[in-house]
Amino acid sequence: MHFSMVQRVLGVLLMIFSLSMLPPALVGLYFGDGAVLPFLEGFLWLFVLGFLAFWPVRRLKRELKLRDGFVVVVMFWTVLGATGALPFYLADRPDMSLTDAVFEAISGLTTTGATVLTGIDDLPHSILFYRQELQWLGGMGIVVLAVAILPMLGVGGMQLYKAEYPGPMKEAKLTARIADTAKTLWYIYVGITVAAAIAYRIGGMGWFDAIGHSFATVAIGGFSTHDAGFAHYDSPWLDGMATFFMLVAGANFALHFVAWNRRSLAGYWNDSEFRFYVGVLLSMVILYSVMLWGGGIYDGFFTALRYAAFNVVSYATTTGFATADITLWPAFLPVLIVLLAFMGGSTGSTGGGMKVMRVMLLIKQGVRELKQLVHPQAELPVKIGSQVVPDRVIQAVWGFFSAYIGIFIVLTLVMMGIGLDEVTAFGAVAATLNNLGPGLGAVSGNFASVPDAAKWVGCVAMILGRLEVFTLLVLFTPVFWRR
């Protein structure tokens with residue numbers, strides 16, 4: 001473990017992140033909302049902190065090891081959550097406690113979208129923009145962005161990339177050099193964001209709201225510049241555009257790269273994970289449309305289809321936008337839509353949850369076990385498309401699933417021990433661990449009413465979910481620290 005190198009990289013990343021507080025300051029100046037100073041103070045504090053960490057070890061030139069990468073990523077997200085909370089804590093509006101400020105910052109950076117704020121419509125534009133910006137930066141990962149810069153500083157970035165990039169198959173790269181990979185991902189990310197902002201502007205949003213909602217949509221975050229979110233506009237066009245871009249952001253970004261590079265959409269349908277992803281969402285949209293229409297919640301089928309498509313895609317991809325109060329929907333629909341978030345987005349997407357690929361592999365492995373009972377001597381490989389999945393990957397997926405469910409149960413019990421009722425505890429952990437945002441019970445709208453202790457547990461759950469559990473848990477194993 002090269003602690004000096006970890007310190008050096010962390011210092012660089014903190015200085016880079018400090019720059020994120022300048023755009024909200026400019027927004028505050030433009031709108032004259034009186035909330036510029038907290039961002040300037042936050043910038044200075046964060047830049048100085050990063051500089052003090054970087055300067056003593058600035059001349060070190062070593063390659064980061066894999067274990068160093070895990071430490072940097074975990075430290076960065078925890079430190080970022082604390083320091084990213086500075087503008088919230090320093091601002092007069094909203095008047096936030098330290099706990100609430102940290103919760104809001106971590107929720108933004110992990111693209112969870114759970115909030116402790118009310119009266120969002122009346123907040124300063126700079127604060128609103130900062131919330132959206134946090135999600136946009138967290139969507140692809142500020143660490144992946146920094147990977148494109150680190151090689152210029154004499155530090156290799158592959159270890160950070162492996163630790164940060166979501167999904168069960170982290171070895172795949174789009175380009176030969178990791179810096180080029182990071183740049184490629186961000187070009188795609190920015191391109192989709194621009195397209196979403198233009199679509200929202202055409203649909204009637206002002207540029208401020210269009211940009212803010214495009215940030216949250218492509219990041220699969222869920223923060224909005226209005227208390228009512230997309231329901232504030234009540235626009236079929238905006239609902240349709242948001243549904244489309246949430247679907248796009250929940251797909252593997254490698255597929256977007258291939259489609260752009262080859263100028264062909266064939267790669268999407270040739271991908272087994274994408275077909276499964278679209279198939280599940282389409283099936284759920286049809287189910288919800290029929291039940292909402294048949295249950296008399298909406299008068300016409302196409303109205304039911306509009307609300308079903310938006311909310312199902314939003315929850316299933318862990319975006320967390322809502323155009324309806326799902327707790328008023330009939331039968332099992334509110335619970336099922338939250339459970340869909342456990343699947344989440346595709347591997348290599350900005351979505352949360354366990355990822356579509358893992359769910360696919362769990363189902364295929366379950367089917368193989370059933371066949372193996374009938375044919376004990378048969379060789380029955382698990383395949384994704386035409387490729388055989390190594391048993392090592394299957395074992396890793398089962399290990400991840402066990403850890404994920406185990407952590408979910410433990411955190412739910414902790415929430416209940418704090419004082420939350422069963423439904424609220426279940427919903428709060430599902431919302432934070434899956435990086436979903438809205439939950440059930442008292443947290444179906446926001447987390448303002450829950451105790452501070454529950455908010456800190458939620459912060460831990462959000463970081464666990466964003467780093468896919470093992471990245472954080474591995475630091476607590478003795479073997480990780482042995483030479």
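Nothing in this text is a laboratory measurement; each read-out follows from the coordinates by a stated rule. Every value quoted in this text rests on a predicted model; they were computed, and no experiment measured them. Cβ atoms come from the backbone with ideal geometry, glycine included; neighbour counts cover every protein chain shown.
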### Message
I'd like the distance separating the alpha-carbon centroids of the range 119-135 and the range 347-367, in whole Å.
### Response
33 Å
### Query
Taking square-rooted eigenvalues a ≥ b ≥ c of the alpha carbon gyration tensor, is the range 48-95 rounded, prolate or oblate, where a/c under 1.5 means rounded and, failing that, a/b exceeding b/c means prolate?
oblate
### Query
Taking the Cα centre of the range 1-72 as the origin and placing charges on Cβ (Lys, Arg +1; Asp, Glu -1), which of GLY32, LEU52, VAL71 is farthest toward the positive end of the dipole?
VAL71
### Query
When GLU104, GLU41, GLU369 are ordered from fewest to most other Cβ atoms inside 10 Å of their Cβ, what list results?
GLU369, GLU41, GLU104
### Task
State the answer as a single residue: which of PRO94, ALA249, TYR268 lies farthest towards the positive end of the charge dipole of the chain, with beta carbon charges of +1 for Lys and Arg and -1 for Asp and Glu, about the Cα centre.
TYR268
## Note on the structure
Any trypsin sites (Lys or Arg not before Pro) in the range 48-115 that lie in a DSSP loop and have at most 10 other Cβ atoms within 10 Å would be ARG59, LYS61
#### Entry: Inter-label distance, nm, simple model (7 Å from Cα along the C-beta direction), TRP55/SER283
6.0 nm
### Residues in the range 6-47 that a label on ASP92 would reach, taking backbone N under 20 Å of a point 7 Å out along Cα→Cβ
24-43
#### Entry: Loop-resident sites, the range 252-315, for trypsin sites (Lys or Arg not before Pro), counting at most 15 other Cβ within 10 Å (DSSP)
ARG263
### Query
Magnitude of the Cβ-charge dipole of the range 363-483, K/R +1 and D/E -1, about the Cα centre, nearest 20 debye?
480 debye
### Message
With the cut-off at 1.5 for a/c, could you classify the range 375-483 from its C-alpha gyration tensor as rounded, prolate or oblate?
### Response
prolate
### Task
Please arrange VAL218, VAL474, VAL450 by counting, for each residue, the other beta carbons lying within 10 Å of its beta carbon, fewest first.
VAL474, VAL450, VAL218
### Message
Which chymotrypsin sites (Phe, Trp or Tyr not before Pro) in the range 325-419 sit in a loop by DSSP (not H, G, I, E or B) and have at most 14 other Cβ atoms within 10 Å of their own Cβ?
### Response
PHE332
### Task
Answer rounded, prolate or oblate for the chain, using the Cα gyration tensor with square roots of eigenvalues a ≥ b ≥ c: rounded when a/c is under 1.5, else prolate when a/b is larger than b/c, else oblate.
rounded
### Query
By counting other Cβ atoms within 10 Å of each Cβ, how are ASP234, ASP68 ranked from fewest to most?
ASP234, ASP68
### Query
How much length is gained if the chain between ASP421 and LYS383 is pulled fully straight, taking 0.36 nm per residue apart and subtracting their Cα-Cα distance, in nm to one decimal?
9.4 nm
### Query
Extension gain SER264-ARG482, at 0.36 nm per residue separation less the Cα-Cα distance, in nm?
73.6 nm
### Query
To the nearest 20 debye, what charge dipole does the range 257-331 have about its Cα centre, counting +1 at the Cβ of each Lys and Arg and -1 at the Cβ of each Asp and Glu?
300 debye
## Note on the structure
Computed for the chain: size of charge dipole around the Cα centre, +1 on C-beta of each Lys and Arg, -1 on C-beta of each Asp and Glu, debye to nearest 20, value 2320 debye
#### Entry: Mean Cα-pair separation over length for the chain, i.e. relative contact order, pairs under 8 Å, 6 or more apart, %
16 percent
